[in-house]
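> Sending over a structure as structure tokens; questions will come in a sec.
The values are calculated or read from the model by the stated rules, or taken from the named source; none is laboratory data. Values in this document were obtained by computation on a predicted structure and should not be read as measured data. When we count neighbours, we look across all protein chains shown, and the Cβ atoms used for this are built from the backbone with ideal geometry, even at glycine. For the accessible areas, the whole protein counts, side chains as well, though only heavy atoms, and no ligand, DNA or RNA atoms are used. Shrake-Rupley method; radii C 1.70, N 1.55, O 1.52, S 1.80 Å.
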Amino acid sequence: MIALAWIVAGVVSLSGGVAAPGGSGPVPHPLVIGHRGACAYRPEHTMASYETAIRDGADYIEPDLVSTKDHVLVARHENEISQTTDVAAHPEFAARRTTKTIDGRRLTGWFTEDFALEELRTLRAVERLPELRPRSAAFDGTSTIATFDEIVALARRAGVGVYPETKHPGYFTSIELPLEQPMLATLAKYGWTERTDPVFIQSFETANLRALRGTTRLRLIQLMEATGAPRDLVVAGDPRTYRDLATPEGLREIAGYADGIGVHVRLVVPGDDGRGAPTSLVTDAHRAGLPIHVWTVRPENAYLPAGFRTGDPKAPGYAAEHGDVAGWLTRLYGLGVDGVFTDDPGVASRARDALT
């Protein structure tokens, strides 16, 4: 991992490069971002997952932030928690199962904003993909839901950074539980308020990043899917899509309010094989002064591009087997990306260090 003191001192560049001796320019050193921790091996967004990511060499750990009813930020991939906790096994909460429309999607289940933190603490985390990740599922029931405060405290102790995502920010603002203020307050509590601090704040929406630009000096990352459009643009009737934002013109606009981009890997390497010609997005982003972090590199054959899967596709368990993820990472590093979100920070840090 990169020592926190080095990051604060500015030895690590904003794009993830390490300053070369004698000031000769940055040596490429892409960041390893523990996506939901090390969720290939522990249930996602648990303290155990983040601790495993840190042990395995992550430079940053990534929590997705949602709010409780009493406005405490907790780490869950979604505010609907039936797939990631044992809430369905708690009869005392059966009446809270409901249907809501979140960012245009109709969902039925249990939602964090309907629980106080004390109530959520009675639940236990479970693996969302048990058939693909039995090693993680073995830890079902051993962890509670983590608060953002706990995660930042862990990162501080361990000497790594945090990379929080504001999840459904427009929705949470609409129900008077905005994510931004308590997030910034927690970061400030631990002394992280400046551009040089080891923090990236990310969002798939654009409006809250623009608002954050006026209230914080911390670095902001515009996330981009391979398809679709930012929810706030859709609501506003703006026809632009994520692919419009990924054009040189779109990137120049992003540079006016954000400090980098986090993109679906298909925007960098299109197609199913993973070995085809890349797009110009890495070059275009760098020309706009934007570091580019790609997501998500997962080790299982089910998630790897076809050109990096290994084994017999007809064999039982093929989808869950780990393929040539190191080869896929090496390909991405070679294209000049500044960081990777990964479910297996150990293999990502080893592949990176072998090159750098």
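> Which of the residues spanning region 262-296 are in contact (Cβ under 8 Å) with a residue 40 or more places away in the chain, crowded, with 20+ Cβ neighbours inside 10 Å and touching a helix residue (DSSP H, G or I) at 6+ places or on another chain (Cβ under 6 Å)?
267, 268, 274, 292, 294, listed by residue number.
> Which residue out of 240, 210 is farther than 22 Å from residue 35 by Cα and either in a helix (DSSP H, G or I) or aromatic (Phe, Trp, Tyr) (or both)?
210
This table checks each residue for (1) touching a Ser or Thr at 6+ places or on another chain (Cβ under 9 Å); (2) at pLDDT 95 or above; (3) open to solvent by 10 Å² or more (accessible area, probe 1.4 Å).
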{"residue": "13", "(1), (2), (3)": "no, no, yes"}
{"residue": "23", "(1), (2), (3)": "no, no, yes"}
{"residue": "40", "(1), (2), (3)": "yes, yes, no"}
{"residue": "48", "(1), (2), (3)": "yes, yes, yes"}
{"residue": "65", "(1), (2), (3)": "yes, yes, no"}
{"residue": "72", "(1), (2), (3)": "yes, yes, yes"}
{"residue": "89", "(1), (2), (3)": "no, yes, yes"}
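> Please specify each residue of region 208-230 satisfying the condition of being crowded, with 18+ Cβ neighbours inside 10 Å and of a type in the set (A, V, I, L, M, F, W, C).
209, 212, 218, 220, 221, 223, 224, 229
> Still on this structure: Which pairs do you get when a residue that is without any contact (Cβ under 8 Å) to a residue 24 or more places away in the chain and farther than 15 Å from residue 119 by Cα, found in region 57-86, comes within reach of a residue that is in a loop (DSSP other than H, G, I, E, B) and open to solvent by less than 10 Å² (accessible area, probe 1.4 Å), reach meaning Cβ atoms under 8 angstrom, with the pair 6+ apart or on two chains?
none
> On to the next question. Evaluate the following for residue 118: is it acidic (Asp, Glu) and open to solvent by less than 30 Å² (accessible area, probe 1.4 Å)?
So residue 118 does not fit the description; no.
> Name the residues in region 335-356 that are assigned to a loop (DSSP other than H, G, I, E, B) and either touching a strand residue (DSSP E or B) at 6+ places or on another chain (Cβ under 7 Å) or without any contact (Cβ under 8 Å) to a residue 12 or more places away in the chain (or both), would you?
Of everything in region 335-356, those that are assigned to a loop (DSSP other than H, G, I, E, B) and either touching a strand residue (DSSP E or B) at 6+ places or on another chain (Cβ under 7 Å) or without any contact (Cβ under 8 Å) to a residue 12 or more places away in the chain (or both) turn out to be 337, 338, 343, 356.
> Have a look at 247, 196 and point out the one that is farther than 16 Å from residue 284 by Cβ and open to solvent by 10 Å² or more (accessible area, probe 1.4 Å).
Result: 196 is the single residue among 247, 196 that is farther than 16 Å from residue 284 by Cβ and open to solvent by 10 Å² or more (accessible area, probe 1.4 Å).
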